[in-house]
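The values are calculated or read from the model by the stated rules, or taken from the named source; none is laboratory data. What you see is a predicted model, and the numbers here were worked out from it, not measured in a lab. For neighbour counting, all protein chains shown are included, and Cβ atoms are generated from backbone atoms with ideal geometry for every residue, glycine included. For accessibility, only protein heavy atoms count, side chains too; no ligands or nucleic acids. Shrake-Rupley method; radii C 1.70, N 1.55, O 1.52, S 1.80 Å.
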Amino acid sequence: STKNIQIDADANAQLNNISDFCINDSKIKLNYGIPSGGIYKIDGVEEDSLKPNLLGVGIHTISYEFSNSCGLSLDSTNFSIFSSPSVNAGIDQFICDGGAVTLSATGATTYVWDNGVTNGTSFSPSATATYTVTGTDINGCTETDNLDVTVNTLPTVSAGADQAICDSGAVTLSGSGATTYAWDNGVNDE
């Protein structure tokens, strides 16, 4: 007669390196343990995936249990979940056509703006637009914020028709097309 015998390797559970996470990272399937087929627990609760936003900011413990006919083996390690930076793009800006504006975000370590804008560098937008900045902190966590830059059209100003007067005569100058006027040579608007 014949009998098949299965010889199992020692149960030797191992967790591969697990990185830290940001609170707004997506859910991930747990596959850090070898050999495969074991059980994961995060902070003592059996899980098959890791959801940073549900675990919360702080230090957490992940363990991997693997068992076979040779016994049970366990490996565990800690990982951190970091908060997102509080990125602030600043207040909405209003400029005149042809004018320049400087966008400077705060709350993170590095900043990347859309539309080719460089943080803290002046530029001249050609039209009203919303600008979004992504800030990254020292932990590699990111957050976004945005602001509007409104580009106002320039008024069409008229100084009026040319006038001719006699020496020592008086003339009244009155501009149109804007809200306020500033004349040169010390002249006041009507």
(message) It is to be established whether one or more residues within the stretch 142-159 are assigned to a loop (DSSP other than H, G, I, E, B) and modelled with pLDDT of 95 or more.
(response) no
(request) Among what's in the stretch 34-61 and is of a type in the set (A, V, I, L, M, F, W, C) and closer than 30 Å to A105 by Cα, pick the residue that is least open to solvent (accessible area, probe 1.4 Å). (result) L55
(request) Go through (1) without any contact (Cβ under 8 Å) to a residue 24 or more places away in the chain; (2) under 30 Å from N24 (Cα atoms); (3) open to solvent by 70 Å² or more (accessible area, probe 1.4 Å) one by one and return the number of the condition T110 breaks. (result) (1)
(message) Take F21 and tell me if it is touching a Pro at 6+ places or on another chain (Cβ under 8 Å), surrounded by 12 or more Cβ atoms within 10 Å (Cβ to Cβ) and under 25 Å from D137 (Cβ atoms).
(response) yes
(request) Say whether the condition of being within 23 Å of T134 (Cβ to Cβ), surrounded by 14 or more Cβ atoms within 10 Å (Cβ to Cβ) and either of a type in the set (S, T, N, Q) or at pLDDT 95 or above (or both) is met by at least one residue in the stretch 62-70. (result) no
(message) For T172, only one of the following conditions fails: (1) open to solvent by less than 50 Å² (accessible area, probe 1.4 Å); (2) touching an Asp or Glu at 6+ places or on another chain (Cβ under 9 Å). What is its number?
(response) (1)
(message) For the list (1) free of Cβ contacts under 8 Å to residues at least 12 places away in the same chain; (2) open to solvent by less than 60 Å² (accessible area, probe 1.4 Å), I need the number of the one condition that T142 fails.
(response) (1)
(request) Go through the stretch 114-139 and count every residue that is touching a residue at least 40 places away in the same chain (Cβ under 8 Å) and either touching a helix residue (DSSP H, G or I) at 6+ places or on another chain (Cβ under 8 Å) or under 22 Å from G99 (Cβ atoms) (or both). (result) 3
(request) Go through S104, S83 for me and flag whichever is open to solvent by 30 Å² or more (accessible area, probe 1.4 Å), in contact with a Gly (Cβ under 6 Å, 6 or more places away or on another chain) and at pLDDT 95 or above. (result) S104
(message) What's the number of the only condition in (1) without any contact (Cβ under 8 Å) to a residue 40 or more places away in the chain; (2) surrounded by 14 or more Cβ atoms within 10 Å (Cβ to Cβ) that S158 fails to meet?
(response) (2)
(message) If a residue counts only when it is touching a Pro at 6+ places or on another chain (Cβ under 7 Å), which strands (runs of 3 or more DSSP E) contained entirely in the stretch 29-115 have at least 1 such residues?
(response) 58-68, 71-82
(request) May I ask you to list pairs of residues, at least six apart or on different chains, whose Cβ atoms are under 7 Å apart, with the first in the stretch 23-37 being modelled with pLDDT of 90 or more and the second being surrounded by 17 or more Cβ atoms within 10 Å (Cβ to Cβ) and not small (G, A, S)? (result) I23/P52; I23/I81; I23/F82; D25/P52; K27/L50; I28/L50; L30/Y40; L30/L50
